[in-house]
């Protein structure tokens, strides 16, 4: 048993694809369509064969309600690790990325939160280096 | 080996990608050795659609009005309520599927039917659509011949080697870049 894929609900798959690739910097991994159905995933450019993130259309009421509630409570739909939160913030900010939390030091890590333009908050995280 | 296992699609042929501004339409033509009346039934009757089409219908498509079409082979069937705009047996059928218009035209030939499908699928998926419909038409042909092999759609089509080749061939014909859809090895 392996963890190969995880999912984020989005309200617009085309817009999501642009944000997750152009702004966040992921690469498109799979993109299939059958009538109204579209299976769309992205992966990390640093780990193209790593875990995929499915950008699933929130076209059922439960998904839309869940997504909205998480957003309203400021809860991130996903968290991604980066080497340097401040550097990513400086890179994405001029691209128009809307940060709801600038780089912020918290216990054990530095985090920032941004709007993915498709109904979600995304958290980026840099873990503190532990000295042994 | 069953007829399904023996099946292998021929070369990409009979398809065209037409562009009108941002709107792309896939046009597929196939000649079938059966009269339009028989082909019409296969295009409209739910129990016949189940033999070859990428969707199920909750009623016969042979009259105008609303109908629910469900995708086959997706993790959860995606049901779209649609409208049969025109149903003129046995020559013209028009409806919408998942936001794309679909039009079927049946022309009688001396020994069968020339079936033309217009599908305004987006550019991104047009080669994929051509490969998918190509296989569906092969399966339809065998079904009409009285040797059904069972529909080959969605994941079944992707796993099937011929799909990858057809997809690449149609992408080349349409001069668009084919994305590698090779299923990941387990």
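The set of residues in the range B:19-36 that are outside any loop (DSSP other than H, G, I, E, B) and loosely packed, with under 13 Cβ neighbours inside 10 Å comprises B:19, B:20, B:23.
With respect to (1) within 14 Å of chain A (Cβ to nearest Cβ); (2) under 17 Å from the mean Cα position of the chain (by Cα), the lone exception for residue B:144 is condition (1).
Considering the range B:51-63, the residues that are buried (at least 19 other Cβ atoms within 10 Å of the Cβ) and within 14 Å of another protein chain (Cβ to nearest Cβ) include one that is nearest to residue B:137 (Cα to Cα), namely B:53. Among the residues of the range A:76-87, which ones are within 13 Å of the chain's Cα centre (by Cα) and free of Cβ contacts under 8 Å to residues at least 60 places away in the same chain? Selection gives A:76, A:79, A:80, A:81, A:82. Inspection of the range B:128-144 finds no residue satisfying the criterion of being farther than 24 Å from residue A:41 by Cα, out of contact with any strand residue (DSSP E or B) (no Cβ under 7 Å at 6 or more places or on another chain) and part of a loop (DSSP other than H, G, I, E, B). Determine whether the range B:42-57 contains at least one residue that is more than 27 Å from residue A:38 (Cα to Cα), outside any strand (DSSP E or B) and in contact with a helix residue (DSSP H, G or I) (Cβ under 7 Å, 6 or more places away or on another chain). So far as the range B:42-57 goes, no, none of its residues is more than 27 Å from residue A:38 (Cα to Cα), outside any strand (DSSP E or B) and in contact with a helix residue (DSSP H, G or I) (Cβ under 7 Å, 6 or more places away or on another chain).
Of the strands (runs of 3 or more DSSP E) lying entirely inside the range B:64-106, not one contains at least 3 residues that are free of Cβ contacts under 8 Å to residues at least 40 places away in the same chain, at the interface with another protein chain (Cβ under 9 Å from one of its Cβ atoms) and on the phi > 0 side of the Ramachandran plot. The residues listed here are B:107, B:94, B:186, B:177; of these, the one that is modelled with pLDDT of 95 or more and surrounded by fewer than 17 Cβ atoms within 10 Å (Cβ to Cβ) is B:107.
Looking only at the range A:7-19, decide whether some residue is within 14 Å of chain B (Cβ to nearest Cβ) and in contact with a helix residue (DSSP H, G or I) (Cβ under 8 Å, 6 or more places away or on another chain). Scanning the range A:7-19 turns up at least one residue that is within 14 Å of chain B (Cβ to nearest Cβ) and in contact with a helix residue (DSSP H, G or I) (Cβ under 8 Å, 6 or more places away or on another chain).
Pull out all pairs, ordered by first then second residue, where Cβ-Cβ is under 8 Å, the residues are six or more apart or on different chains, the first lies in the range A:22-47 and is at positive phi and within 13 Å of chain B (Cβ to nearest Cβ), and the second is part of a loop (DSSP other than H, G, I, E, B) and surrounded by fewer than 21 Cβ atoms within 10 Å (Cβ to Cβ). As it stands, the answer is A:35/B:78; A:35/B:98, since those pairs meet every condition given. Within the option set A:73, A:67, A:54, being within 30 Å of residue B:100 (Cα to Cα) and more than 12 Å from the chain's Cα centre (by Cα) holds for one residue only, A:67. Against the definition (farther than 17 Å from residue A:115 by Cβ, more than 10 Å from chain B (Cβ to nearest Cβ) and either touching a residue at least 12 places away in the same chain (Cβ under 8 Å) or surrounded by fewer than 18 Cβ atoms within 10 Å (Cβ to Cβ) (or both)), how does residue A:50 come out, yes or no? So residue A:50 passes the test.
Among the residues of the range A:58-69, the ones that are more than 14 Å from every other protein chain (Cβ to nearest Cβ) and either closer than 11 Å to residue A:9 by Cα or touching a helix residue (DSSP H, G or I) at 6+ places or on another chain (Cβ under 8 Å) (or both) come to 5 in all.
Candidates A:86, A:68: the one that is outside any strand (DSSP E or B), modelled with pLDDT of 95 or more and within 16 Å of residue A:126 (Cβ to Cβ) is A:86.
Only one of the listed residues (B:118, B:133) is more than 14 Å from every other protein chain (Cβ to nearest Cβ) and within 27 Å of residue B:172 (Cα to Cα). That residue is B:118. In the range A:28-47, the qualifying residues are those that are buried (at least 16 other Cβ atoms within 10 Å of the Cβ) and under 14 Å from the mean Cα position of the chain (by Cα), and the one that is farthest from residue B:155 (Cα to Cα) is A:44.
The values are calculated or read from the model by the stated rules, or taken from the named source; none is laboratory data. Worth saying up front: this structure is predicted, and the values here are computed from it rather than measured. All Cβ positions, glycine included, derive from the backbone under ideal geometry; neighbour counts span all protein chains shown.
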